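The values are calculated or read from the model by the stated rules, or taken from the named source; none is laboratory data. Remember, predicted model here, so these are calculated numbers, not experimental data. As a convention, Cβ positions derive from the backbone with ideal geometry for all residues, glycine included, and neighbour counts pool all protein chains shown.
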Amino acid sequence: MRLLAVDSSPFGMFDYFRQHQDEVLNWLGYHAWLSAVPVVVGLLVALPLGWLAHRYRWAYPPLVTAAGLLYTIPSIALFVSIPSIIGTQILDPINVAVALTVYTVALLVRVVADGLGAVSADVAQAATAMGLTRRQRLLKVELPLAVPVIAAGVRVAVVANVSLVAVAGTIGVPNLGQLFTTGFQLSVGSPYYPPITLGIVLCVLLALAFDLFVVGATWLATPWRRAVSGS
Amino acid sequence: MVSAPVSGRKGGRGLVIRFESVSKKYPDGTVAVDRLDLVAPSGAITVLVGPSGCGKTTSLRMINRMIEPTDGRIWLDDRDTATVPTHQLRRGIGYVIQHAGLFPHRTVLDNITTVPELLGHDRKRARRRALELMERVGLPPHFAKRYPAQLSGGQQQRVGVARALAADPPVMLMDEPFSAVDPVVRAQLQNEFLNLQGELGKTIVFVTHDIDEAIKLGDQVAVLQVGGRLAQLAPPAELLSEPADTFVAGFVGRDRGYRALGFAGAGRLPVRQEQVIALGAASGEARDAAEGGWVLVTDAAQRPQGWLRAEADADPPPSTPAEPVTEAQLNLGGTLASENATLREALDAALSSPSGRGVIVDDSGRLLGTVTASEVLARIEQQRAAGERSTQGGES
Amino acid sequence: MIQWLNDPGNWTAPGGILDQLRAHLQYSIIALVIAVALALPVGLLIGHTGRGRWLVTVANAMRALPVVGLLILLYVMLAPHIHGKGDTVYLLPTEIVLVLLAIPPILAGTVSGVENVAPDVRDAAAAMGMRGSQVVRRVELPNALPLVFSGLRSATLQVIATATVAAYLGLGGLGRFVYDGQASQNYAERNAGAVLVALLAVAADLVLALAQRYTVSRGVSGRFPRGRTSEAADGPGGGDLRGEGGGAADGPPVTAETPPSPHTA
Ligand SMILES: Nc1ncnc2c1ncn2[C@@H]1O[C@H](COP(=O)(O)OP(=O)(O)O)[C@@H](O)[C@H]1O
Ligand SMILES: [Mg+2]
């Protein structure tokens, strides 16, 4: 039987957390994992695809259009269709991870392509004139200068993922979204806020933590920008 | 009351713009314009020139109150601009800026008809007039349906001028309108602008940082000094010959003496007859007619075509005496000066000619004769002496 | 699933596909109309005056909120106070969330659209004697339209997606098939619901892309007929022509300052 916090107001969430600590921390772990892994995998896939769209003019329209199309599909539709495509169980968290990876790729392909393309023609030409090969130019000039653009895209992706993972909670995938469904089920008759507010607070904190992490990593990866803003 | 060194054009259709002790102090304390007194006469081009940051743009934009003066008044004829509602004031003042500032979402024609539309003028008439204006500023009619992004910088600037003129405002303000285009196009735009102004007679205040442009376009030139002080207001020739102080002298530049020749007519230069041969004549003839190793070649209508080297060690090597002279053999280096050219043009023709003899032609381009640099210099000396005598005479 | 979709009874029955499609469209359109009515004028005002930018920051920060949580929170809060008939008890909280969700992209798109209008273009407009409202309507809005549309399109996608999730509460719409199918282990129905929602989202985006094509001036979108470009490129500004875009590849390039909008549901 479930222990319920006595206080059903939004502030009962602290009691609720103490009483359900193990379960909630377990969900939080799942949630963090499901939000972060797709971003890492998605970025690794999007980098070569985005480079392709940037390098070959003919590849840009089909790649970016396909990405845009994938991105239009509502998440719940992806969550329930992916099992029949890759043959997993409906409640397998892998489905969520795959769906979110698809979104991340869809979002980042265009970001990477535009970011690589944003290096000014002057800089690109100077690099060529200095004798850099195409490969060197990509690795030493274009990619580093595209980092801020790509980082902005990654921030959007990771914050969005935190919200999307919770959507998967409504069809029963274990994560912080279950706090919302629990709250919904316990609110028959009169409102029972603690799990709902706890879920919202934890989701926001998680999104904030990921966002700060990406900002920090970008800061470390772009020393030349620090020199400018520091002066 | 301030007096203008240049009187307005007779029949000029513009208003007089009068700055009365106008100052502008920005909120951060920068004094951009300091007690400026200035009259821009009706129908004339007044150029504001000076180094970057001297307050040219600020002065200009106070006229249409895009910037409000902190002190003083600006009058359009006998109306204090501060008493006119801004939108009404601005609809009567044409305004042209550096990159034209065309509306990207409107076609060329729609850009030009913007102010007539705001004034509620008849649409059909406004469009007809816009097409007329396009022709006047040198844009073919099929450009009417294009968008600004489909035009080159020079073409955009022409649309900008047409747009400013669309409601036939008596006053035009121009802020470095030609400085973003390349020198060839700039010279072309300047010449066309002068022609246009010759027909329209607007009161124009023109801002530039380029002293050459100021001298070329201005009926009067106001040199501003950083801090927004008026250093000198004078017609261009006077600015060059009598700079008011060391700042103006420095700004006008080191080669101002040479530039001043651009304002002195050469008068009747003592041209010398030149032995010429016709294009296609036998090369042998050239060697006989040559003087100092060079002979001038003309076409059938006596129009100079270029100089031919007529020495034994010439390069390209001389053809056999019977072979005809071809265009490929000609040196095209020298500039031509017309018979009523300025001393500057005449001197340049002599200095640029490979033979050292400057070619003078009449209005239809037919050869009149040649002059040497020393002959032009002699004329300069002569005019200087005459000028000195007359100023001394004036003083005594 | 194909079988389920091919059964005409599933389309025309009360609570069938046609009914739910109509309901889904209705919820979405109501929310979008309200969001545009609020965000567009406010965005134009912020962009025009340069004041109140913090509103954009606040709106953007709201994107970190989990939509499902918000939806359920509002439902739980409001349900005891709503005694209307039918769906009202679900509809009101859902519409509030949908509007809240649609505002940030539209607001941010409008503000950056106006801010992206070249300063000399606005300057010229004012110097020609346009009043403030004329500058907004005649110059700033037409030039901001591509970004307004990209905000509206991303808002539309989020609204359609979130309206699907609202079926969890008990609201109608295409999400019904997803959740009912899931609950009753009727996977054909569930998958059909997912496909229908995806198709609706793509179709809505297509309609807006077409609307964008017909309302944005060619001078702004850069869609010029071939062979009518400037012959004499004699300075900067010449030859700055973009080719034809198409479908989802539309829209301004992504930069560090303007990343794409996120999915939230
Ligand atoms: N909005 C402003 N706020 C503060 N200072 C300004 C502003 N606009 C111009 N200034 C300053 O006023 C001076 C004159 O500027 P401006 O009229 O633009 O010069 P110019 O057009 O001759 O280059 C400069 O020192 C400039 O920095
Ligand atoms: Mg200036």
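Taking only the range C:47-70 into account, find how many residues are of a type in the set (A, V, I, L, M) and more than 8 Å from chain A (Cβ to nearest Cβ).
6
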Consider C:Ala118 against the criteria (1) over 16 Å from B:Phe103 (Cβ atoms); (2) within 14 Å of chain B (Cβ to nearest Cβ): it satisfies all of them except one. Which criterion is unmet? (1)
Residues that are away from every other protein chain (no Cβ under 14 Å), away from ligand 2 (no atom under 16 Å from the Cβ) and over 30 Å from B:Ala249 (Cβ atoms): find the helices (runs of 4 or more DSSP H) completely inside the range B:42-156 holding 2 or more of those. B:123-136
Taking A:Arg18 as the residue in question, decide whether it is free of Cβ contacts under 8 Å to residues at least 24 places away in the same chain, within 14 Å of chain C (Cβ to nearest Cβ) and more than 20 Å from A:Val102 (Cβ to Cβ). no
Any chance B:Phe178 is away from chain C (no Cβ under 14 Å) and more than 18 Å from B:Asn111 (Cβ to Cβ): no
Quick test for you: out of B:Arg136, B:Arg73, pick the one residue that is under 18 Å from B:Ile204 (Cβ atoms), of a type in the set (Lys, Arg) and either away from ligand 1 (no atom under 16 Å from the Cβ) or under 29 Å from the mean Cα position of the chain (by Cα) (or both). B:Arg136
Which residues, taken from the range A:96-113, are surrounded by fewer than 24 Cβ atoms within 10 Å (Cβ to Cβ) and of a type outside the set (A, V, I, L, M)? A:Thr101
Identify all residues within the range B:39-53 that are within 16 Å of ligand 1 (Cβ to nearest atom) and at negative phi; write none if there are none. B:Thr46, B:Val47, B:Leu48, B:Val49, B:Pro51, B:Ser52
What are the pairs with Cβ atoms under 6 angstrom where one residue, in the range A:204-225, is more than 20 Å from C:Gly69 (Cα to Cα) and the other, located anywhere, is of a type in the set (D, E, K, R) and part of a helix (DSSP H, G or I)? Sequence gap at least six, or different chains. A:Val214/A:Arg155
Every residue in the range A:81-95 that is more than 13 Å from chain C (Cβ to nearest Cβ) and within 21 Å of A:Leu28 (Cα to Cα), please. A:Asp92, A:Pro93, A:Ile94
Name the single residue, out of those in the range B:14-38 being of a type in the set (Asp, Glu) and within 12 Å of ligand 1 (Cβ to nearest atom), that is nearest to the other protein chains (Cβ to nearest Cβ). B:Asp28
Would you check if there is a residue in the range A:192-204 being more than 7 Å from chain C (Cβ to nearest Cβ) and exposed (fewer than 13 other Cβ atoms within 10 Å of the Cβ)? no
Please go through the range A:117-147 and pick out each residue that is touching an Asp or Glu at 6+ places or on another chain (Cβ under 9 Å) and at pLDDT 85 or above. A:Ala146
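Quick check on the range A:63-94: of everything there that is of a type in the set (S, T, N, Q) and part of a loop (DSSP other than H, G, I, E, B), which residue is surrounded by the fewest Cβ atoms within 10 Å (Cβ to Cβ)?
The extreme case among them is A:Gln89.
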How about the range B:162-181: which of its residues are part of a loop (DSSP other than H, G, I, E, B) and under 22 Å from B:Lys56 (Cα atoms)? B:Pro169, B:Pro170, B:Glu176, B:Pro177, B:Phe178, B:Ser179, B:Ala180, B:Val181
Taking the range B:357-375 and keeping only residues that are under 21 Å from B:Asp299 (Cα atoms), out of contact with any Lys or Arg (no Cβ under 7 Å at 6 or more places or on another chain) and either aromatic (Phe, Trp, Tyr) or surrounded by fewer than 16 Cβ atoms within 10 Å (Cβ to Cβ) (or both), one is left with B:Asp362, B:Asp363, B:Ser364
Residue match in the range A:41-51 (condition: among the β-branched types (Val, Ile, Thr), out of contact with any Ser or Thr (no Cβ under 6 Å at 6 or more places or on another chain) and under 18 Å from A:Ser163 (Cβ atoms)): no
Look through C:Val121, C:Val114 and report the one residue that is β-branched (Val, Ile, Thr), without any contact (Cβ under 8 Å) to a residue 40 or more places away in the chain, within 28 Å of B:Pro116 (Cα to Cα) and surrounded by 16 or more Cβ atoms within 10 Å (Cβ to Cβ). C:Val121
Among the residues of the range A:156-173, are any facing chain C (nearest Cβ under 7 Å) and outside any helix (DSSP H, G or I)? yes
Could you list, in sequence order, the residues of the range B:10-30 that are within 16 Å of ligand 2 (Cβ to nearest atom) and assigned to a strand (DSSP E or B)? B:Lys24
Please give the number of the condition A:Thr182 fails out of (1) hydroxyl-bearing (Ser, Thr, Tyr); (2) at pLDDT below 90; (3) assigned to a helix (DSSP H, G or I). (2)
